[in-house]
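The values are calculated or read from the model by the stated rules, or taken from the named source; none is laboratory data. Owing to the predicted nature of the structure, the values given are computational and were not obtained by experimental measurement. Positions of Cβ are generated from backbone atoms using ideal geometry, with glycine treated the same way; all protein chains shown enter the neighbour counts.
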Amino acid sequence: MPKSKRIAIFDTTLRDGEQSPGASLNVQQKLEIARQLARLRVDVIEAGFPASSPGDFEAVRVISENVKEPVICALSRAKREDIDIAHEAVAKATHPRIHTGLGVSDVHLRHKLRRTREQALAMGVAAVRRARKLVPDVEYFLEDAGRADPEYLYRVVEAVIKAGATVINVPDTTGYTYPEEFGALVRGIRESVPNVDEAVLSVHCHNDLGMATANALAGVRNGAGQVECTINGIGERAGNTSLEEVVMALATRRDFFGVTTRIKTTEIYKTSRLVSDLTGMPVSPNKAIVGANAFAHSSGIHQDGVLKERTTYEIIDPRSVGVPESSIVLTARSGRHGLRHRLSQLGYRVSADQFEQVYARFLELADKKKEVYDEDLESIVADELHKVPEVYHLDYLHVVGGSGTVPSSTVRLVREGEELTAAALGVGPVDAVYKAIDSLVQERHRLVDFSVKSVTGGTDAMGEVYVLLADEHDRVFSGRGASTDIIDASAKAYVQAINRLAYRQKERPAPASAKKKPKARRAPRRRTK
């Protein structure tokens, strides 16, 4: 059998993925994800956009110094100053790359860049030449390639390769194309650009019409050598191509695609959970590969088939992506050894101190319900291992509610050793709690979204609450809380989001030019999943 072509996996979770509302990460969180991406064995990590903010510059610099095996890539606009800043950020990377480019569709040229085709082409060539003087690896993006005139697109590709581009990024920026169309676009570049073999063709697809993965795979079928994607498919608007979907499609249907990747697939689930925990963005239960239901079978017919032969209903062995196939039934009688064993099976590395924190939470939950499930443990671990620095600590919560009663709450927060107490009335218990908290915190904010879901089934289920808050400059911060008491979970999520907001204001203040004021906080909008 002939040797398969290897496709490079370019991960942009830390750049494009972080542009999802509420997914903002600090430098240490980005470094933690980058190290896990290296364990996953991605080929390229796009670590950020250094010219966009001091925080992004620092994240790219720190990752470049500490994560050595993958290529570390920095995004820049096609401006000399951006390119120089990007180079400074990746200067200590073992394998540095600068990623620059311009729009190529007429709508981008006319309305965004306000340049003619020839002016934009000259800018792109100059940007590549500048970047190539600084690093040997330069990627050029053709923004909105899916809606561009192919003949102009071919001219741009030929010119920037001649100027020194080593990778050509063909993005479906708006998720506009469908697979046959996008595949033909990539094929057209390969057949029409005379020097195309001097660079790697890369595809970067968005999911606005739900076809990001299909379009990326169509690009591979038509000659792309690199796929740009994010963990869990996070990204602007409807998200990006999902790394786990692309990688497992190529691995499962190697007979069809005839290509491989160097991804260590057993690290996929662990990476998915880490990104979900740190960004505060939950993974949908029916998400392919990494969702809670991806390897679950509720139908009796399916259960019978899988128990007799797994492949009757599973085309992927769950262990191949790091999902354990069997589980230990955990109760209050399981003890430390049973819990530690199950955490190990789930892929968590915890220190002795962290384990004791998790164990205390486990015992508290096990006393309230008959069985503690894997999802319960994952929620506990997410709470205990990824706490944000506490500006405010939720010390006491008391709520009164019921039919014919005006809901009321009493809340005590601790800030820098000072106890702050307030009481409030609300249209519901959660509203009463949030009003009391609002009266105690100094940071201006407004509630953008509030959602609730159960972690497991049954009346004793753990509930997870996710909230999004915006500060006075419209920067969005997420919070997550888990508890068998949904009011308690709501309070924890709200305080966590406020702590993220307060911590970010200290770490990375908003630009002085930003003058937007927050709207009054509205009552929480409940969305149950």
Has region 47-69 got any residue that is farther than 17 Å from residue 280 by Cβ, out of contact with any Lys or Arg (no Cβ under 9 Å at 6 or more places or on another chain) and either crowded, with 22+ Cβ neighbours inside 10 Å or not assigned by TED's automatic domain parsing to the domain that holds residue 254 (or both)?
-> no
Residue 271: at pLDDT 95 or above and under 24 Å from residue 482 (Cβ atoms), yes or no?
-> yes
Look through 177, 100 and report the one residue that is hydroxyl-bearing (Ser, Thr, Tyr) and not in a loop (DSSP other than H, G, I, E, B).
-> 100
Has region 399-406 got any residue that is closer than 30 Å to residue 339 by Cβ and not small (Gly, Ala, Ser)?
-> no
Criterion (part of a strand (DSSP E or B) and among the β-branched types (Val, Ile, Thr)) met by exactly one of 465, 433 | 465
So is residue 187 over 26 Å from residue 45 (Cβ atoms) and part of a loop (DSSP other than H, G, I, E, B) or not?
-> no
Please tell me if residue 221 is surrounded by fewer than 24 Cβ atoms within 10 Å (Cβ to Cβ) and on the phi > 0 side of the Ramachandran plot.
-> no
Residues satisfying the stated conditions in region 132-188, i.e. of a type in the set (Lys, Arg) and more than 19 Å from residue 222 (Cα to Cα) | 132, 133, 155, 162
Taking region 432-453 and keeping residues more than 16 Å from residue 473 (Cβ to Cβ) and polar (S, T, N, Q) leaves 439, 451
Among the residues of region 118-149, the number that are free of Cβ contacts under 8 Å to residues at least 60 places away in the same chain and closer than 24 Å to residue 175 by Cβ is 11
Would you mind stating whether residue 409 is of a type outside the set (Val, Ile, Thr), over 22 Å from residue 24 (Cβ atoms) and modelled with pLDDT under 85?
-> no
Please go through region 86-97 and pick out each residue that is in a helix (DSSP H, G or I) and either touching a Ser or Thr at 6+ places or on another chain (Cβ under 7 Å) or crowded, with 21+ Cβ neighbours inside 10 Å (or both).
-> 86, 89, 90
Please specify each residue of region 233-279 satisfying the condition of being of a type in the set (S, T, N, Q) and either within 23 Å of residue 344 (Cβ to Cβ) or in contact (Cβ under 8 Å) with a residue 60 or more places away in the chain (or both).
-> 240, 252, 260, 261, 265, 266, 271, 272, 276, 279
Residue ID - farthest from residue 405 (Cα to Cα), chosen from residues in region 418-442 that are among the acidic types (Asp, Glu) and surrounded by 16 or more Cβ atoms within 10 Å (Cβ to Cβ) | 438
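Per-residue answers, yes or no, for (1) part of a loop (DSSP other than H, G, I, E, B); (2) in the same structural domain as residue 17 (by TED's automatic domain parsing); (3) touching a strand residue (DSSP E or B) at 6+ places or on another chain (Cβ under 7 Å):
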{"position": "223", "(1), (2), (3)": "yes, yes, yes"}
{"position": "229", "(1), (2), (3)": "no, yes, yes"}
{"position": "232", "(1), (2), (3)": "no, yes, yes"}
{"position": "245", "(1), (2), (3)": "no, yes, no"}
{"position": "251", "(1), (2), (3)": "no, yes, no"}
{"position": "262", "(1), (2), (3)": "yes, yes, yes"}
{"position": "266", "(1), (2), (3)": "no, yes, no"}
{"position": "271", "(1), (2), (3)": "no, yes, no"}
{"position": "275", "(1), (2), (3)": "no, yes, no"}
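The rows are residues; the columns are (1) touching a His at 6+ places or on another chain (Cβ under 8 Å); (2) of a type outside the set (Gly, Ala, Ser); (3) at pLDDT below 90; (4) assigned to a loop (DSSP other than H, G, I, E, B).
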site: 440; (1), (2), (3), (4): no, yes, no, yes
site: 461; (1), (2), (3), (4): no, no, yes, yes
site: 473; (1), (2), (3), (4): no, yes, yes, yes
site: 478; (1), (2), (3), (4): no, no, yes, no
site: 481; (1), (2), (3), (4): no, no, yes, no
site: 524; (1), (2), (3), (4): no, yes, yes, yes
Residue tally, condition under 19 Å from residue 101 (Cα atoms) and of a type in the set (Val, Ile, Thr), over region 30-59 = 2
Is region 198-213 home to any residue that is farther than 20 Å from residue 123 by Cα, in a loop (DSSP other than H, G, I, E, B), in the same structural domain as residue 20 (by TED's automatic domain parsing) and touching a Pro at 6+ places or on another chain (Cβ under 9 Å)?
-> yes
Kindly indicate whether residue 373 is of a type in the set (Phe, Trp, Tyr) and either surrounded by fewer than 18 Cβ atoms within 10 Å (Cβ to Cβ) or at pLDDT below 80 (or both).
-> yes
Considering region 51-77, residues that are of a type in the set (Lys, Arg) and outside any helix (DSSP H, G or I), and then whichever is farthest from residue 31 (Cα to Cα), we arrive at 77
Only one residue in 76, 20, 24 is of a type in the set (Gly, Ala, Ser), more than 27 Å from residue 448 (Cβ to Cβ) and buried (at least 20 other Cβ atoms within 10 Å of the Cβ). Which one?
-> 76
Which of the residues belonging to region 389-417 are part of a loop (DSSP other than H, G, I, E, B), surrounded by fewer than 19 Cβ atoms within 10 Å (Cβ to Cβ) and of a type in the set (Ser, Thr, Tyr)?
-> 403, 405
